[in-house]
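Notes to accompany the following structure.
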Amino acid sequence: MKIDGSTALVTGANRGIGRALVTALLARGAARIYAAARNPAALAPVVAPAPDRVIPLELDLTAPATVEAAAEAASDVTLLVNNAGTHGVGHLLDMDLDVVEDVMRTNFLGTLRVLRAFVPVLERNGGGAVANVISIGAFGGTPSLGGYPASKAALLLMTQAVRADLAPRGIAVHGVFPGPVDTDMLDYVARHEPGLGDFPRASADEVAGRTLDGLGAGAEDIFPDDFAAQVEREWRADPKALEKRLSGIA
């Protein structure tokens, strides 16, 4: 995927990795970037550095009308970055099931909803690329993270499935698997499960930059920080050992 001159849409662009991706896309010459979030007002600081190139957009993964409206408004997209998501801390056997359902509804079904809305857009624009920001959590069920790892594992399998469907249509599909990243989400998790905050954190800027490096190189699976790169090596060498290590984190 050539970033220079592209038109990108980034979901969850108001903070964390999403905001860093907007900044990185600007620096690498993207012609236009749609910065999407549930609350467009929260995008003001994201838009401010380049209001002529960054366009705020309302998009809530769980609200179909906003997804459909976003696909109509952003009709020139050639790169879709599915970054938005949610989480819930707790153990699956005793946490509130509504929280588990919300995580699955958002991270898996919501991402699929966005993808289905934007595939016709990408096709009309001659093809392009989709990057699904997943997580190393897709490779092991950390007990205290509730439905989050399961939602990311589902997103991994969805990524693989649609990759086969979209390749003949000229759309490349990439999976991005960050490790611990210095974001508000990880701060929240660490407050509730202190052991999960002990790992070295990559910066959101590093993850964004290495994600775009991977897209430029055509990598199907992108591990955009040092911790994630170590997980990739373990995953390829011994998936069962990695599963046990991630399951024993907390």
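Only the coordinates and a few stated rules stand behind these numbers; no lab work does. Every value quoted in this text rests on a predicted model; they were computed, and no experiment measured them. We place every Cβ from the backbone using ideal geometry, glycine too, and count neighbours over all the protein chains shown.
Of all residues in the range 139-154, those that are under 15 Å from K244 (Cα atoms) have Cβ atoms under 7 Å from Cβ atoms of residues that are crowded, with 19+ Cβ neighbours inside 10 Å and among the aromatic types (F, W, Y), 6 or more apart or on another chain, in F139/W235.
Yes or no, residue by residue, for (1) out of contact with any strand residue (DSSP E or B) (no Cβ under 8 Å at 6 or more places or on another chain); (2) exposed (fewer than 15 other Cβ atoms within 10 Å of the Cβ); (3) not charged (D, E, K, R):
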{"position": "L97", "(1), (2), (3)": "yes, yes, yes"}
{"position": "D102", "(1), (2), (3)": "yes, no, no"}
{"position": "A117", "(1), (2), (3)": "yes, no, yes"}
{"position": "V130", "(1), (2), (3)": "no, no, yes"}
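Scanning the range 34-72 for residues that are in contact with a strand residue (DSSP E or B) (Cβ under 8 Å, 6 or more places away or on another chain), surrounded by 14 or more Cβ atoms within 10 Å (Cβ to Cβ) and assigned to a helix (DSSP H, G or I) gives P40, L43, V46, V47, T66, A69, A70.
Tally the residues that are assigned to a loop (DSSP other than H, G, I, E, B), on the phi < 0 side of the Ramachandran plot, crowded, with 21+ Cβ neighbours inside 10 Å and touching a residue at least 60 places away in the same chain (Cβ under 8 Å), restricting the search to the range 7-19.
Going through the range 7-19, the residues assigned to a loop (DSSP other than H, G, I, E, B) turn out to be 11-15.
Now restrict to residues that are on the phi < 0 side of the Ramachandran plot: 11, 13-15.
Keeping just the survivors that are crowded, with 21+ Cβ neighbours inside 10 Å gives 11, 13-14.
From what is left, the residues that are touching a residue at least 60 places away in the same chain (Cβ under 8 Å) are 11, 13.
Of the residues in the range 7-19, 2 are assigned to a loop (DSSP other than H, G, I, E, B), on the phi < 0 side of the Ramachandran plot, crowded, with 21+ Cβ neighbours inside 10 Å and touching a residue at least 60 places away in the same chain (Cβ under 8 Å).
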